[in-house]
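The values are calculated or read from the model by the stated rules, or taken from the named source; none is laboratory data. Fair warning: this is a prediction, and the values are worked out from it, not measured in the lab. Please note: Cβ atoms are built from the backbone with ideal geometry, for glycine as well, and neighbour counts cover all protein chains shown.
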Amino acid sequence: MSAIAGICYWDGRDVAREELLAMAKALAHRGPDGKNIWHKGPIGLVHLMLHTTPESLNERLPLEDKATGLVITSDARIDNREELLESLGVKGREASQMPDSELILKAYKKWGRKCPERLLGDFAFAIWDSRERTLFCARDHMGVKPFYYYASRDFFAFSTEIKGLLALNNVSRRINEVRIADFLAAIVLDNESTFWRSILRLPPAHFCVIRNGIFEKGAYWQLPSEPKKHIKRDSEYAEEFRHIFTEAVRCRLRSAFPLGSYLSGGLDSSSIVCVAAELYEKKGIDGPHVFSGIFDEIAQCDERKYFMPVVERYNLPTTFVYADRLEPLAELEKMLNEQDEPFFAPHIFMSRALLGLARENGFRIMLDGHDGDNTVSYGTGLLLELAGDFKWLKLAKECYCLTDGSLHEALEIAYVAIRRRCVPLSIKCMAKVVRQILHIFKAERQKESQELIKPPWHNILNDEFIKKTGLIERWRDFKKNDPYRGDREFERHRRALYQPFMPYGLEVLDRCVSNFGIEARYPYFDKRLIEFCLDLPARLKLHRGLNRYIVRFALKDILPESIRKRKNKSDFTANLIHGLRVRDRDRLQQFLQKISHEHKEFYQVQEIERIREGFLNMDQNPTASDAFTLLKILVLTLWISSAKNIFH
């Protein structure tokens, strides 16, 4: 992925070229194909180029339109090119060769601040209007392209990565202890804050305008607040889903370089690869080349029985990584330098191994099925809708299918749904069921209440630190704002799509792939697909125990049955724990020694020692929670130790 950066002084001071060069140097890993700087008076723009699309091969940024006084720097892939070119009256050879950044600039000329509303794709850009003395910036709908900024009384600066801002001497480096507390407690309450108190994110689907020292920010797009009232047959929904999903994949195949794709045994990556392979077949092209992790030692993680039918059906070129031979911490310090912030991505070491092989073989694009779960939705709101509509027989059948025929579990789930939507349970026919399972839910209610009073991390974190950061109150807010507390599927799905952790996760992935000179593309984050899936009836999200049912239904002729009827997902935690305790044991012990002696203001040292000793004891079976706790504290400790020389 390319990179952008820039500086705008409020007081009219000239931007020094040396400042822009410092930002460019910090972002150099993102621009193997060129670096350019433009500056004039109080404004300066930077661009680091990674060629990916055919049109980008002739692209030079920042781009200045001398006739209008507009200058743009952007990291963008625009997917509705044909529509925009027609609206803007661009035709012929000019249209076929026009880079996406120039297309954005033309859109801004015509529609001004409303131009992001007309764009589809992944983008972050900044446009300087020298006549109006205004800087306009925008970020794509879901936050695939990152955009960080710093605004003080003297100037505004922005960058694709935080390190671009930290390259400036006059950017405050004060640490954000509230964000540290949230990280350790595994909560995310906003999509703007970072681990640096004065450095913020521009949220997805937002723009900002800087003029005469005034900073203005706003949203240019929101998800619909109510479902559309229309009636279609299920087959019509399936046909429309297939059309939109195919288009979401097709427009992400535009590349001037070899294109690869992750492939696991899950529904998300498999659906992308199958559709891409169908599109390639129509053009008489082999591919795409797929990259998969395999497991010989940790057999419960291996998914070959699911994804090999995809490979064999389309005769796909395949590269494997033996993921159970990797050392999870081998590149941890390097990753911390890449990420700029503490991060929680326990299985990212497997992705890095696949990315390394992709880079060695000349690939610059990787298709990724990341978070298709939230885009399509597991559809569990259907259960609440059936309960609220008194369709209890259908509810019972759905719960029975969902639990693979476990009557006890089915009754448990059905009771929760009914209790939530239909509080008065005085119906005599339910009395026996209520008596049978009431004790289960009494225990569950006690557990939920206890979690709100004393969260699971309470014994791990320092009491004074908890009080100082107000963590208990924010934890309660986080639990109360759980998106899955809604009573209708539409409401639950919409809230899930607005969860702040989604752009955070995309940014971690962005910084990872960019260090391999690769751009990740996410068909499931297509705006058109998200809007369509949100509006689907709940019955097409969950059907006879199959979640994300619309994908299975619409692609039934190309998805292997092994994937189409699969209900579960592989849990790679067993491989992580084995990797930490066995393959990477010496490195883990070396790193963990620092935890006992540093940053006691954050942790309960005795509790961390207990977890550490138990985790390293080969006679015990550590939990996933123990592994994740140690990883988080290890990442945070190493980050603070490595970054403390720039705190001030």
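Report whether or not Leu386 is part of a helix (DSSP H, G or I), touching a Phe, Trp or Tyr at 6+ places or on another chain (Cβ under 9 Å), surrounded by fewer than 21 Cβ atoms within 10 Å (Cβ to Cβ) and touching a residue at least 12 places away in the same chain (Cβ under 8 Å).
Numbers: part of a helix (DSSP H, G or I): yes; touching a Phe, Trp or Tyr at 6+ places or on another chain (Cβ under 9 Å): yes; surrounded by fewer than 21 Cβ atoms within 10 Å (Cβ to Cβ): no; touching a residue at least 12 places away in the same chain (Cβ under 8 Å): yes.
No, not satisfied.
Would you say Tyr314 is among the hydroxyl-bearing types (Ser, Thr, Tyr), free of Cβ contacts under 8 Å to residues at least 40 places away in the same chain and over 21 Å from Lys567 (Cα atoms)? So that I can check it myself, show each step before the final result.
Working: among the hydroxyl-bearing types (Ser, Thr, Tyr): yes; free of Cβ contacts under 8 Å to residues at least 40 places away in the same chain: no; over 21 Å from Lys567 (Cα atoms): yes.
So Tyr314 does not fit the description; no.
Does at least one position in region 263-278 carry a residue that is among the charged types (D, E, K, R), without any contact (Cβ under 8 Å) to a residue 40 or more places away in the chain and either outside the structural domain of Glu82 (by TED's automatic domain parsing) or farther than 23 Å from Ala574 by Cα (or both)?
So far as region 263-278 goes, no, none of its residues is among the charged types (D, E, K, R), without any contact (Cβ under 8 Å) to a residue 40 or more places away in the chain and either outside the structural domain of Glu82 (by TED's automatic domain parsing) or farther than 23 Å from Ala574 by Cα (or both).
Being among the basic types (Lys, Arg) and in contact (Cβ under 8 Å) with a residue 24 or more places away in the chain is the filter; apply it to region 523-563 and report the residue that is surrounded by the fewest Cβ atoms within 10 Å (Cβ to Cβ). Residue satisfying both the conditions and the ranking: Arg544.
Scanning region 257-277 for residues being part of a helix (DSSP H, G or I) and within 19 Å of the chain's Cα centre (by Cα) gives a total of 6. Name the strands (runs of 3 or more DSSP E) wholly inside region 161-240 in which the number of residues that are of a type outside the set (Lys, Arg) and over 25 Å from Leu20 (Cβ atoms) is 1 or more. Of the strands (runs of 3 or more DSSP E) lying wholly inside region 161-240, those with at least 1 residues that are of a type outside the set (Lys, Arg) and over 25 Å from Leu20 (Cβ atoms) span 214-219.
Of all residues in region 42-58, how many are over 21 Å from Val513 (Cα atoms) and modelled with pLDDT of 95 or more? The total comes to 5. Kindly indicate whether Ser152 is within 30 Å of Leu630 (Cα to Cα), in the same structural domain as Arg77 (by TED's automatic domain parsing) and of a type in the set (Ser, Thr, Tyr). For Ser152, the condition - within 30 Å of Leu630 (Cα to Cα), in the same structural domain as Arg77 (by TED's automatic domain parsing) and of a type in the set (Ser, Thr, Tyr) - is not met. Note on region 85-144: residues that are basic (Lys, Arg), surrounded by fewer than 22 Cβ atoms within 10 Å (Cβ to Cβ) and within 30 Å of Asn374 (Cα to Cα) amount to 3.
Counting only helices (runs of 4 or more DSSP H) that fall entirely inside region 542-626 and contain at least 2 residues that are under 26 Å from Gly266 (Cβ atoms), the qualifying elements are 549-554, 561-564, 573-578. Listed by first and then second residue, the pairs linking a residue in region 221-233 that is assigned by TED's automatic domain parsing to the domain that holds Ala554 and surrounded by 10 or more Cβ atoms within 10 Å (Cβ to Cβ) to a residue that is modelled with pLDDT under 90 and assigned to a loop (DSSP other than H, G, I, E, B), with Cβ atoms under 7 Å apart and 6 or more places separating them unless they lie on different chains, form an empty list.
Can you confirm whether Thr68 is over 18 Å from Phe156 (Cβ atoms), within 26 Å of the chain's Cα centre (by Cα) and assigned to a loop (DSSP other than H, G, I, E, B)? Against the criterion (over 18 Å from Phe156 (Cβ atoms), within 26 Å of the chain's Cα centre (by Cα) and assigned to a loop (DSSP other than H, G, I, E, B)), Thr68 does not qualify. Annotation for region 470-486: at least one member residue is of a type outside the set (Gly, Ala, Ser), in contact with a Pro (Cβ under 7 Å, 6 or more places away or on another chain) and modelled with pLDDT under 95. Among the residues of region 116-142, those identified as part of a loop (DSSP other than H, G, I, E, B) and more than 15 Å from Ile4 (Cβ to Cβ) are Leu119, Leu120, Ser130, Arg131, Glu132, Arg133, His141, Met142.
Residue pairs whose Cβ atoms lie under 9 Å apart, separated by 6 or more positions or on different chains, with the first residue in region 1-17 and charged (D, E, K, R) and modelled with pLDDT of 95 or more and the second surrounded by fewer than 24 Cβ atoms within 10 Å (Cβ to Cβ) and assigned to a strand (DSSP E or B), are Asp14/His39; Asp14/Lys40; Arg17/Ile37; Arg17/His39.
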